[in-house]
Structures are given as C-alpha cells and as structure tokens.
C-alpha cells in the first residue's frame, strides 16, 4: 500500500468537491429537504404515525439512505468516467500504483462525500422533527457499509459507461426507482401481502430497513438479513472489479 499515492488521489477528488460546493453539497441537501417538506406535510397530514413513530420522523432514515445511495453512485461513477473521457486514465494506469490503491482512493473519496452529505441532511432533518437514534454505532456502520458498496457500484458503472447517457442510465432508471419502492416513505408492512413479497426482491428494502432500525428499533426485515444482503452485494461488486482489472475491460482499449 502506497499511502502517498492514495492520499494524492483522495485529496484531488475531495478538492473537486470544494470547487463545486453548490452542485456537490447544497443542491442535494436542498432537494432532499424539499422531499421532506412536501412528503412530510402532504402525506404526514393523512398518516400521523407509522409503527408508533411520527411520520415526519419515520421518513428521515429513508431520505438519508436515498441520498446516500444516489450520491455514492454518482460521485464514484463520474470520478472514474471523467479520466476515461479525457484520456488521463492511461497516466493513472501507467503510474506505479496497484489496482487496489486506485479503487481504494476513488472509493474513499466517494464515501467521504456521501457521508458528509448524509450527515448534513440528518442535521437538517433534526430542525424539522425531533430525532431519536437508538443505536448510533449501528447507524454509522450502515452508512459506511452502504456508501462503500454503492461507491464500488458507481465505480463499475463509470468504467462500463462509454458516454454520459449511459453514465446516468443505471442511477436514474434502476437505483432511484428501487429507492422509492424500497420503503423510503412507507413501511413494507403497510402493503398487501403480495406486494410485501415482491418488495423482498428489492435489495434497497434491506438497507433502509436496517438503517431505520438503528433509529427506532423497528424494521421490516431482521437486522441479520439486512447485513447479509448488504455484505453479499458488496462481495459481488468486489468480484466484478477484480475481473475488470484482471481483464482490462474498458481500461486498456
């Protein structure tokens, strides 16, 4: 492990965040706050509580997780796609860096950005509703695990995409719909039995369920299963990345 190389790439990626502060931080925070205000006011006036939790407080973990998922994918995918688009990726590949150092540095930067953004959203939400975090250690663990997993997914998307349209394809058509249908604004237990069964095939359900448990001790699926599904998804992403660097897929063309 070359710490100097790791820190160089990491600092460069983080510096880009500060240069585009409004786009990277303020814009997602404002968008999520609008979700909170609109859904919390419109739906909250009709659904006062879910599982004994005030509806406004109930949707906070889902909104934080939605932001964490989308930003992790977006940050990591663009970070690796842009060097490929400009051709500077070959300078990186020819440098005395291992593939692990490249992946770790880009992933660490994407995770840092996503965690920072999720923390700001969480603090913003506390202005609107009183929050109670029953298991803060588990909350941080879920944030780190989720941000890491989806940053790796974003890294894969950034290598796979050969134009800006494909770069946005998976986040817009797959990640975002799965997040909305994953229990962000409702409990899966509120659905009819058939749709409850269908929802269990959505991996985002397990992420949001585990994250919400860390706040309120309530979950749609057992915590152990949430961790197992997230860990399995992480392992799949690592296996795909190992194959990409072994074969040079879309990197050495």
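Derivation of every value follows stated rules applied to the coordinates shown; laboratory data play no part. Keep in mind that what you see is a predicted model, and the values were worked out from it rather than measured. Every residue, glycine among them, receives a Cβ derived from its backbone with ideal geometry; neighbour counts consider all protein chains shown.
What the table shows:
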item: Under 19 Å from the residue 29 label point (7 Å along Cα→beta-carbon), backbone N, segment 79-114; result: 110-114
item: Relative contact order of segment 3-247, defined on C-alpha pairs under 8 angstrom at six or more residues apart (%); result: 26
item: Label-point separation in nm, residue 47 to residue 172, each point 7 Å along Cα→Cβ; result: 2.8
item: Cα-based shape type of segment 1-132, given that a ≥ b ≥ c are square roots of the gyration tensor eigenvalues and the cut on a/c is 1.5; result: prolate
item: Segment 146-180 versus segment 73-132: alpha-carbon centroid distance in Å; result: 13
item: Proxy reagent accessibility, fewest Cβ within 10 Å first, across 98, 151; result: 98, 151
item: Rel. contact order, % - alpha carbon contacts under 8 angstrom, at least six apart, segment 43-146; result: 39
item: Folded to 0 to 90 degrees: helix 27-42 orientation relative to the chain principal axis, Cα; result: 20
item: C-alpha long axis of helix 60-86 to longest principal axis of the chain, angle in °; result: 20
item: Candidates 52, 183, 210: whichever shows maximal mean-square fluctuation once the chain is modelled as a Gaussian network with Cα springs under 10 Å; result: 52
item: Spin-label proximity, residue 228 to segment 180-210 - amide N less than 20 Å from point 7 Å beyond Cα toward beta carbon; result: 188-189, 196-210
item: Sorted by Cβ neighbour density within 10 Å, fewest at the top, the residues 225, 59; result: 225, 59
item: For 170, 137, 37, 175, order by how many other beta-carbon atoms lie within 10 Å, fewest first; result: 137, 37, 170, 175
item: Stretchable slack from residue 137 to residue 240, in nm (0.36 nm times residue separation minus alpha-carbon distance); result: 34.1 nm
item: log10 of Debye I(q)/I(0), alpha-carbon scatterers only, for segment 114-179 at 0.24, 0.28 Å⁻¹; result: -1.08, -1.20
item: 0 to 90° range, to nearest 10: angle between helix 136-160 axis and the chain longest Cα axis; result: 50
item: Residue among 185, 128, 142 with the largest mean-square fluctuation in a Gaussian network model of the chain, springs linking Cα atoms under 10 Å; result: 128
